[in-house]
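Rule-based calculations on the coordinates, nothing more; no lab input. All values reported here derive from a predicted model rather than from experimental measurement. All Cβ positions, glycine included, derive from the backbone under ideal geometry; neighbour counts span all protein chains shown.
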Amino acid sequence: MTSRLHRPILAAWTKKIQHDHYFKEAKKTGYVSRAAFKLLEIQEKHKIIKPGGTVLDLGCSPGAWLQVSCQQLGPRERGGTVLGVDIQNLGDEGTAYVVEALAFNTTCRAVDLSKNGIGGTLGAAALAQVLPTAVVSTLVLNTNSLGDAGAEQLAKVIAGHAHLLTLDLGQNGIGDPGAAALAEALKLNTKLTRLDLSGNAIDKEGAAALSAALAANNTLEVLVLTDNYLGEAGALALADALATNTSIRELHLKGNEMGDAGVTAICEALMARHCDITLLDLGNNSVTEAGAAVLTRLLSLKRSLKELHLYMNDIGDTGAAKMAYAIADNKSLTVLDLGGNNIGPTGVAALAAALRNHQSLSSIELGYNPLGAEGTKTVTDLAKFQLPKLSTLKMGWCKVSAGDGARALSDLLLLNSTLTHLDLRGNGLGNDGAILLSRGLRAAENSKLAELDLGYNEIKDDGACALAQALKANPEGAPAELKLNSNYITRFGQVALSEAVDMVFEMGKGKMTTVHF
């Protein structure tokens, strides 16, 4: 939860908002919140609300956008309609009422009905009925209960839909029959560019059906099959089509237990293509150093790859060393996720040696690896000066502890000028580690740090007070969010941090810092 410092934070926010131009204008003009001016800005630029039209506001509280919409639509006699919905779990009946407004609407381009209890019969039927005449280009139905029946109903409409570009059916209990129906639709659809089927129950039969669709479809660019049940057989089926498909640019396959054989098949297929792949997510697929070998070849051949996610596999030190120089040679790579791969000081040393002065890497995930103090120092030495674009570094649960590891992190905070997010959760830093980190924060010149996460570190009041003193001493370098969740900080430490938050606001020219416990 956000800290018990809500009163001082609220007080600081109140001080700031009282001097805010848009807050004053909202009070003067009768708008219930300053958000009204954001919609007015959008309206002035894009003219999205037209007199006599229909506006559907899902999540309408506190109501400023409804006020603006009513004004822009003009007098009631022109026939305009504004519908504001601020509840979830519409159910089938509620969904039918809401989507009816879309049937002949010519301006609504995006609809998000996620988490609304929409079923595979009535709710899906209502959507299927209105979609053919709707101009919606983005439809999000994540976390509903469509099942195979709902997927089959929607598939009939999707096949020939002229406007739909993005369809999210994640977490809907869709199995192989539903996947097969959607696959048949993909064979005919020439508009859809992104399909999200994550968190469903698609097995090898569904994968085979989707594979046949990919062989025929050359417009789909993003396919998300995260957390399904493809297994090795499903991966082999997908690979057959990927080798010839020319449109897929992002492939999300995390959590499918494909193993080295399945991952190898996918990578071989991607290497055989004569087109780019920009994002590949193979996290949680039981990849070992054998799989790392084929990934090394992929990195060497596909220089367009911007994001590689291998979270929670087991490539180990040997696999990391194999991949290191291929990663370094890939000048497009911006995101590298090697979290939870049993990489220790040896493996991270090989990575660091290869990555010196990499010009594009902006995000590195190394959490859940046993780096220890030695590996931590290796990473921080790299991150201090040798990765000019690095903005996010995740090192949670890396066995850093207090002492040399915390000292290295303190130097990183002191000297790095590019980081915006630093995750150090679960490293057993304790009070001693927090005190060392506070020394770096006290003199840090990085004003970009948006989030410093020190949760689950066994920090007590002494550590909290040291951090509070650092914030007071260096308001400009204070992070926008300091996360201290699940530590052992009592009211004494909380009050110290509360006072520091106030001082950051006063001395930092209105800079807001939020502390979470």
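Need one number: nm distance between label points at K331 and F492, each 7 Å from Cα along Cα→Cβ, rounded to one decimal.
So the label points at K331 and F492 sit 5.7 nm apart.
Note down the nm distance, to one decimal, between modelled labels 7 Å out along Cα→Cβ at L188 and at L279.
Distance between the two pseudo-spin positions: 2.9 nm.
Label R303 and S417 with points 7 Å out from Cα along Cα→Cβ: what is the distance between them in nm?
Taking the two extended label points, one gets 3.0 nm.
Assuming 0.36 nm per residue, please report the length gained on full extension of the stretch Y97 to N218 beyond their Cα-Cα distance.
Value of the extension gain: 40.0 nm.
Could you pull the Rg and Dmax for the chain, using just the Cα atoms, both in Å?
26.0, 74
Which aspartates and glutamates does K377 reach when only Cα atoms under 20 Å apart count, and residues fewer than 8 places away in its own chain are ignored?
Hits, sequence-local ones excluded: D317, D337, E365, D404, D411, D423, D432, D453.
Under a straight-distance cross-link criterion of Cα-Cα below 30 Å, which lysines are reachable from K384, leaving out those fewer than 8 residues away in the same chain?
K302, K306, K322, K331, K394, K399, K448, K460, K472, K483, K509, K511
Around N285, which amide H atoms from residues at least 5 apart in sequence, or from another chain, sit under 5 Å from its own amide H, with H modelled in the peptide plane?
For N285, the qualifying residues are G255.
Applying 1/(1 + (r/R0)^6) with R0 = 35 Å to the Cβ-Cβ distance of K156 and E257, what FRET efficiency is obtained, to the nearest 0.05?
Result of the calculation: an efficiency of 0.65.
Which value in deg cm²/dmol, rounded to the nearest 500, describes the helix-derived mean residue ellipticity at 222 nm for the chain, given -39,500 (n - 2.57) per DSSP H run of n ≥ 4 and division by the residue count?
One gets -14000 deg cm²/dmol as the mean residue ellipticity at 222 nm.
Per residue, how big is the convex hull around the C-alpha atoms of segment 400-517? Give it to me in cubic angstrom, could you?
That works out to 72 Å³ per residue.
Work out the FRET efficiency for Q386 and H163 from their Cβ-Cβ distance, taking R0 = 56 Å, and round it to the nearest 0.05.
Rounded to the nearest 0.05, the efficiency is 0.75.
Check the straight Cα-Cα distances from K50 and name the lysines below 25 Å, setting aside those fewer than 8 residues away within the same chain.
Straight-line reach from K50, under 25 Å: K38.
I'd like the Karplus ³J(HN,Hα) series for segment 258-266: coefficients 6.51, -1.76, 1.60, θ = phi - 60°, whole numbers in Hz, and an x wherever there's a Gly or Pro.
Once rounded to whole Hz, the list reads 7, x, 4, 5, x, 5, 4, 4, 4.
Could you calculate the FRET efficiency of A110 with E374 from 1/(1 + (r/R0)^6), where r is the beta carbon distance between them and R0 is 56 Å, rounded to 0.05?
0.70
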